[in-house]
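So the structure is just underneath, and the comments pick up after that.
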Amino acid sequence: MTDNNAGGDVRLTGISKTYGSFTAVHPLDLTIPQGSFFALLGASGCGKTTTLRMIAGLEEPSTGTVFLGDRDVTDLPPYKRPVNTVFQSYALFPHLDISENIAFGLRRRGIKSVKKQVDEMLELVQLGQFAKRKPHQLSGGQQQRVAVARALINHPQVLLLDEPLGALDLKLRRQMQLELKRIQTEVGITFIHVTHDQEEAMTMADQVAVMNGGRVEQLGEPAELYENPRTTFVANFLGTSNLIEAEVVDAATDVVVSAGGAKLRLPADRCSAETRTGGKLLVGIRPEKISMVHADDEDSIAAGRNKVTGRIADSSFIGVSTQYIVDSPAGQGLSVYEQNIERDSRLVPGAEVVLHWNPAHTFGLDAAQDIDAGVEKVEDAQ
Ligand SMILES: Nc1ncnc2c1ncn2[C@@H]1O[C@H](COP(=O)(O)OP(=O)(O)O)[C@@H](O)[C@H]1O
Ligand SMILES: [Mg+2]
């Protein structure tokens, strides 16, 4: 089957989903570039699966339109959309061998000679030697690859993956992340990957949409989201951020704030909030951007750095780095990651220290937000 209009971006315009009085997905505009590896990232219940199911045609949107390229597919049933889905439960057919599992989509369309295409798919997912096995004779990661091959043999324009690695243990998940990325690069079609795992999204995706409560809070390349989060949720959900409550002293090209007696500086273009003198601002800095010296060595800090004083409350040695918790007049419980190169033996709990960092690494957020939004809670940590 050739389709001259094949491809094109996936475009969602004003897509929403309500169940009774509950809104699972608020009206959403999103463009997913053709051929990209795109991740929808967010905590459980934020509306990722619902969004994916609306793209697949498995869920009818309450409002809005789904476009594939220029084509409005909103009213098409799932089987008429050039889209396939891989679920977390691989849903393989236990009584069919791997070849026949992969061939399933072709057989259903009445295609008799499937060998060449099945062999190509087996090679793509590197399972050639397992062709005659049954699913239960494969590991979880191998079954996952069968599920991907079974979807890709239909030559979809878009592959949807809903937490496809959720059932795998951590090490296997890491391997499969690289494997899926390789497969996507090789076939070149759009992958839309749903996950609650921020590391997974950042490892694989060209672009990540961070969802929270049925809305996309921020969309961008992984590094851009990480370095310049625009909401407290994004700052806390992607990695760890120190957020310091501060008052704006001067709002020019550089914004100057005061926090616990310290004056801190940040570039105005890294502030997602409006800044005006006397107003509040949450000042953010990632733990690995901070350097720490003993208070006796404060004079060694280069001019122009942001500086706050504090006392080490806790430290944990984790091999590549040591992670410190520092209580400061600017903020309690600041996280500092120091690379394990030369360790200063004075830097132990109780020590007076000065934290310093490049003002250019600082970001500014609207202080009206919940400062703890997106912080991983103990009960979600398993
Ligand atoms: N059929 C349904 N009826 C009522 N509520 C639903 C239904 N499906 C999903 N929801 C609710 O919508 C919200 C989003 O669900 P979902 O998209 O599955 O989240 P995620 O995939 O991000 O974990 C959740 O609060 C969920 O309970
Ligand atoms: Mg889900």
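Taken over region 240-369, the convex hull of the Cα atoms encloses 103 Å³ per residue.
In the chain, Cα pairs under 8 Å separated by at least six residues give a relative contact order of 15 percent.
Dipole orientation for the chain: of the candidates Tyr79, Leu12, Ser328, Tyr79 has the Cα lying most toward the positive pole (charges on Cβ; Lys, Arg +1; Asp, Glu -1). A run of the chain free of exposed loop cleavage sites, with GluC sites (Glu not before Pro) counted only in DSSP states other than H, G, I, E and B and at most 13 other beta carbons within 10 Å, reaches its longest extent at 1-273. Shape class for region 306-354, computed from the alpha carbon gyration tensor (a ≥ b ≥ c): prolate, with a/c not under 1.5 and a/b above b/c. Each other residue within a Cβ distance under 12 Å of Ile312 adds +1 if Lys or Arg and -1 if Asp or Glu, for a net charge of -3.
Take every Cα pair under 8 Å whose residues are at least 6 apart in sequence, average their separation, divide by the length of region 10-227, and the relative contact order is 30 percent. Charge tally around Lys17: other residues with Cβ under 11 Å, Lys/Arg +1 each, Asp/Glu -1 each, net -1.
Pairwise Cα distances in the chain exceed 34 Å in 41 percent of cases. Taking the centroid of alpha carbons for each part, region 40-104 and region 250-319 are 45 Å apart.
Each Cα pair under 8 Å and six or more residues apart adds its separation to the average, and for region 144-284 the resulting relative contact order is 15 percent. With K and R counted +1 and D and E -1, the other residues having a Cβ less than 9 Å from that of Ala39 yield a net charge of -2.
Net charge dipole, region 50-112: roughly 280 debye, given to the nearest 20, about the Cα centre with Cβ charges of +1 for Lys and Arg and -1 for Asp and Glu. The simple spin-label model puts a point 7 Å past each Cα toward its Cβ; for Gln137 and Ala295 those points are separated by 7.0 nm.
Cα extents for region 10-227 along the principal axes, largest to smallest and rounded to whole angstrom: 48, 38, 30.
Dividing the Cα radius of gyration of region 8-113 by its Kirkwood radius returns 1.02 for Rg/Rh. Test of understanding: in a Gaussian network model of the chain with alpha carbons linked when under 10 Å, which of Thr50, Thr232, Thr31 would top the mean-square fluctuation ranking? For the chain, modelled as a Gaussian network with Cα springs under 10 Å, the answer is Thr31. Residues of the chain were split at every exposed loop site, defined as trypsin sites (Lys or Arg not before Pro) in a DSSP loop with at most 13 other C-beta atoms within 10 angstrom, and the longest piece left, sites excluded, is 133-275. For Lys263, the lysines whose Cα comes closer than 21 Å to its Cα, not counting residues fewer than 8 places off in the same chain, are Lys280, Lys289, Lys307.
Evaluate E = 1/(1 + (r/R0)^6) for Glu342 and Glu60, where r is the Cβ-Cβ distance and R0 equals 45 Å; express this FRET efficiency to the nearest 0.05. Given R0 = 45 Å and the Cβ-Cβ separation, E is 0.15.
From the residues Tyr90, Gly141, Gly128, which one has its Cα farthest along the dipole of region 10-227 in the positive direction, the dipole being from +1 and -1 charges on Cβ of Lys/Arg and Asp/Glu about the Cα centre? Looking along the dipole axis, the top candidate is Gly128. Distance between the modelled labels on Phe93 and Thr277, one decimal in nanometres: 7.5 nm (7 Å Cα→Cβ projection). Taken about its Cα centre, the chain carries a charge dipole of about 1800 debye when Lys and Arg each add +1 at the Cβ and Asp and Glu each add -1 at the Cβ. Stokes-Einstein diffusion of region 138-286 at 37 °C, 0.692 mPa s viscosity, Kirkwood radius from Cα pairs, rounded to a whole number: 184 µm²/s.
Partners of Lys17 within straight-line reach, counting lysines whose Cα lies under 22 Å from its Cα and excluding those fewer than 8 residues away in the same chain: Lys48, Lys80.
Each reported figure results from applying straightforward, stated rules to the coordinates on display, with no laboratory input. Everything numeric here is computed off the predicted structure, so don't read it as measured data. Cβ: placed from backbone, ideal geometry, glycine included. Neighbour counts: every protein chain shown.
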